[in-house]
């Protein structure tokens, strides 16, 4: 039995499904407490939390980590996607008295493996 198995894939092996933009708006007070206002433009429900954890050789983290909650929208729009690629993240920070308002956005490309 071989010790190493290689699977060589290129972008020709993937079918591009589309782009998704995700967004999270939250407040941070005293540098410690975080209150999430909206996820993808919708008010946050405390009783319902949806997360997407990206896995590779090591866990893949979006920055800020609260974008993991917004990434759920990408899989709702493209449930047949096998692979996603975060291509850009932006963070807008507004300083407030004893805190800050943060708006984080990410652009995600969705792919499916061709049969």
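The values are calculated or read from the model by the stated rules, or taken from the named source; none is laboratory data. Being a predicted model, the structure only gives us computed values, none of them experimental. We place every Cβ from the backbone using ideal geometry, glycine too, and count neighbours over all the protein chains shown.
At a glance:
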{"read-out": "Members of segment 1-30 found to be more than 19 Å from residue 115 (Cβ to Cβ) and in contact (Cβ under 8 Å) with a residue 24 or more places away in the chain, listed by number", "value": "19, 20, 21, 22, 23, 24, 25, 26, 27, 28, 29, 30"}
{"read-out": "Residues of segment 90-112 satisfying the condition of being surrounded by fewer than 14 Cβ atoms within 10 Å (Cβ to Cβ) and either within 20 Å of the chain's Cα centre (by Cα) or free of Cβ contacts under 8 Å to residues at least 40 places away in the same chain (or both)", "value": "90, 91, 92, 93, 94, 95, 97"}
{"read-out": "Members of segment 38-53 found to be surrounded by fewer than 14 Cβ atoms within 10 Å (Cβ to Cβ) and touching a residue at least 12 places away in the same chain (Cβ under 8 Å), listed by number", "value": "41, 49, 51, 53"}
{"read-out": "Selection from segment 67-115 of residues that are in contact with a helix residue (DSSP H, G or I) (Cβ under 8 Å, 6 or more places away or on another chain) and in a strand (DSSP E or B)", "value": "84, 89, 104, 106, 108, 110, 113"}
{"read-out": "Cβ pairs under 9 Å, 6+ apart, first in segment 56-85 and modelled with pLDDT of 90 or more, second part of a helix (DSSP H, G or I) and surrounded by 12 or more Cβ atoms within 10 Å (Cβ to Cβ)", "value": "81/74; 81/75"}
